[in-house]
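The values are calculated or read from the model by the stated rules, or taken from the named source; none is laboratory data. Please read these numbers as outputs of a predicted model, since none were measured by experiment. Heads up, the Cβs are rebuilt from the backbone with ideal geometry, glycines too, and the neighbour counts pull from every protein chain shown. Keep in mind that these areas ignore ligands, DNA and RNA; they rest on the heavy atoms of the full protein, side chains included. Shrake-Rupley method; radii C 1.70, N 1.55, O 1.52, S 1.80 Å.
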Amino acid sequence: MTRGSRMLLPLLLALGLACSKEKTCTSDLTLCGGTCTTLGTDPANCGACGNACGPGDSCYAGTCLCPFTTTCGGACVDFASDPAHCGACDVACAPQQVCTTPSGGVTACASACSAGQTACGRACVDLQTHRQNCGACGRSCGSSERCSAGRCVADLYLACFNTDEVREATSALAPAGIPIAVAPGPNGLAWTGDLLAVSSAESGGAETVAMLHFDPPGLRRANVYQTSSANPDIEYLAEHESLLYVSHASLGTLLILTPGGAVVDEVRLVPPGAQPPNPQGIAFDAAGRAYVALEGSGEVVVLDVSHALASALGAQSRPCTSEVARLDLAPLASPGAIPMPSRIAVAGGHAFVALWNLAPPPDWSVPPGSTGRLAAIDTGTATFDAAFAGTANGLIDLGPDCLNPADVAVLGSTLYVTCGAFHYLPDWSVEILGGGIVPVDLSGTVAQVLAPITAASGWAPGKLAFCGSTGYVGDRNSGRVLAFDPTSGATTLGAGVQLCPPSSAGYSLVADIACGR
């Protein structure tokens, strides 16, 4: 849960959580046979409830279409494996033969499948890559999903906080697959091996970590960790050396879990009785140290977690972490503001910490003259790097076009910072100030802040992920996802696509983005 969503929580509770016996769906889903589904992508309900696509067809934009280049007599066929149309329409194999296409060879009828293929009926396919037989015969991937290593996966996964779902999308921002229902309040995504972990914080009292298994006969969700809390609050989820690290803000701790949900350790981040630390972002360096942003106490704590995996394997007892350093960020805030560190990225021997840099709560406003700010920390010494930042206290000033920095991500030798401060007007409408993305060149001896990429009015770019060379940005206000090419030279962000629908209260947060595998 982000700061913005916590501020709106009482209003959302009042508007959207009334008890009802009748099942309802979000605005872009339809109730078919008791299940909320996407008519645009569901092959069993394509365009309308009960309208099932034929064999081989996929559902695209509510229409059943053949994913192959040809059809035979109106039937969707795969020339590479269809024994009734082996290599061409109406070229039928004998009853005892299969249709096979050897690697680099010519499709033909044969007595057995080629090496690396499996006979699904009399069709020879590679279960590792075939969309209609992915991982097992008869397992068809959803619309716009691909078959990778025998798993049906998408290009992007989105944590839609307000509708309690993980949604899939293509690299071109088209919806893919079927929305995946998860525990209420999903806010973090992290891959560990072939599993996608999802953290959630339910307003009613549960905190959950679930694993999404991409195995036949379909995607399976398993809750591996769940606990109740008077004020449930998970702020961030990260993976390191196959373990999951959770910012457990309700307890002020760093929770370390195995993929199976076993607690490796739970590290108290401040002494008992101290100001609640509200842990936020987590990042790791090559030496096995974790950098944790403590928004509530205005600090970054550096922990040695190099023995955590040994502890998970039973080779070392608790505690498996130790504190290396604790850095006070108060001197880096603007006049009238407190630092409020949030997200962290590690690159090139430095940890870069985004500072919300806002007036103290409950105001959360942007003080006059405020600017977006980063702290630069030398990972070798765990101290502020004044020389690289170009300032005496290790501050990188992003300027007035970047307010309330929300996320940081690195591509090559450039750090990208998303920005956008929420300003609430007397009528509770929202004005976004300083929204956009600011690149920071890290290639020289001193960090260089480059020209910003501005966002449209009313948008507050938040979570940023680079999948290949393309950046994907989730908006914290509209539920839109925007894509940008860092090499294009564009000075504005595009319109994007609303992939996380709004709740009944009209609010939509893209809480996290994970690239597909």
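Data table
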| item | result |
| --- | --- |
| Test set (1) out of contact with any helix residue (DSSP H, G or I) (no Cβ under 7 Å at 6 or more places or on another chain); (2) open to solvent by 20 Å² or more (accessible area, probe 1.4 Å) - residue 247 fails condition number | (2) |
| In the range 160-206, the residues that are β-branched (Val, Ile, Thr) and touching a residue at least 60 places away in the same chain (Cβ under 8 Å) | 163, 178, 192 |
| Selection from the range 151-169 of residues that are part of a loop (DSSP other than H, G, I, E, B) and either of a type in the set (Gly, Ala, Ser) or over 19 Å from residue 60 (Cα atoms) (or both) | 154, 164 |
| Test: residue 321 is of a type in the set (Ser, Thr, Tyr) and modelled with pLDDT of 95 or more | no |
| Flag for residue 509 being of a type in the set (A, V, I, L, M) and either surrounded by fewer than 20 Cβ atoms within 10 Å (Cβ to Cβ) or modelled with pLDDT of 95 or more (or both) | no |
| Considering residues of the range 320-362 that are in a loop (DSSP other than H, G, I, E, B) and of a type in the set (Gly, Ala, Ser) only, the residue most open to solvent (accessible area, probe 1.4 Å) | 348 |
| Total residues in the range 170-194, condition open to solvent by 40 Å² or more (accessible area, probe 1.4 Å) and assigned to a strand (DSSP E or B) | 3 |
| Segments classed as strands (runs of 3 or more DSSP E), wholly inside the range 198-267, with at least 2 members that are more than 26 Å from residue 311 (Cβ to Cβ) and modelled with pLDDT of 95 or more | none |
| Top-ranked residue in the range 378-397 [being of a type in the set (S, T, N, Q), touching a residue at least 24 places away in the same chain (Cβ under 8 Å) and closer than 11 Å to residue 350 by Cα; ranked as most open to solvent (accessible area, probe 1.4 Å)] | 383 |
| Some residue of the range 227-243 being without any contact (Cβ under 8 Å) to a residue 40 or more places away in the chain, open to solvent by less than 20 Å² (accessible area, probe 1.4 Å), more than 21 Å from residue 195 (Cβ to Cβ) and in contact with a strand residue (DSSP E or B) (Cβ under 9 Å, 6 or more places away or on another chain) | no |
| Selection within the range 35-64 - over 25 Å from residue 166 (Cα atoms) and open to solvent by 40 Å² or more (accessible area, probe 1.4 Å) | 55 |
| Residue identified as at positive phi and open to solvent by less than 10 Å² (accessible area, probe 1.4 Å) among 273, 252 | 252 |
| For residue 450: the one exception among (1) in contact with a Gly (Cβ under 9 Å, 6 or more places away or on another chain); (2) farther than 16 Å from residue 155 by Cα | (1) |
| Every residue from the range 124-150 that is open to solvent by less than 20 Å² (accessible area, probe 1.4 Å) and in a strand (DSSP E or B) | 124, 125, 147 |
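For every residue, the table says whether it meets (1) modelled with pLDDT of 95 or more; (2) in contact with a Phe, Trp or Tyr (Cβ under 6 Å, 6 or more places away or on another chain); (3) not in a loop (DSSP other than H, G, I, E, B).
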| position | (1), (2), (3) |
| --- | --- |
| 420 | no, no, yes |
| 443 | yes, no, no |
| 458 | no, no, no |
| 488 | no, no, no |
| 500 | no, no, no |
| 514 | yes, yes, yes |
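For (1) out of contact with any His (no Cβ under 6 Å at 6 or more places or on another chain); (2) open to solvent by 30 Å² or more (accessible area, probe 1.4 Å); (3) under 18 Å from residue 374 (Cα atoms), each residue gets a yes or a no:
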{"residue": "446", "(1), (2), (3)": "yes, yes, yes"}
{"residue": "453", "(1), (2), (3)": "yes, no, yes"}
{"residue": "459", "(1), (2), (3)": "yes, yes, no"}
{"residue": "463", "(1), (2), (3)": "yes, yes, yes"}
{"residue": "469", "(1), (2), (3)": "yes, yes, no"}
{"residue": "478", "(1), (2), (3)": "yes, no, no"}
{"residue": "481", "(1), (2), (3)": "yes, no, no"}
{"residue": "484", "(1), (2), (3)": "yes, no, no"}
{"residue": "487", "(1), (2), (3)": "yes, yes, no"}
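To keep it simple, each residue is scored yes or no on (1) touching a His at 6+ places or on another chain (Cβ under 9 Å); (2) over 23 Å from residue 39 (Cα atoms); (3) without any contact (Cβ under 8 Å) to a residue 40 or more places away in the chain; (4) open to solvent by less than 30 Å² (accessible area, probe 1.4 Å).
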residue	(1), (2), (3), (4)
66	no, no, yes, no
83	no, yes, no, yes
92	yes, yes, yes, no
154	no, no, no, yes
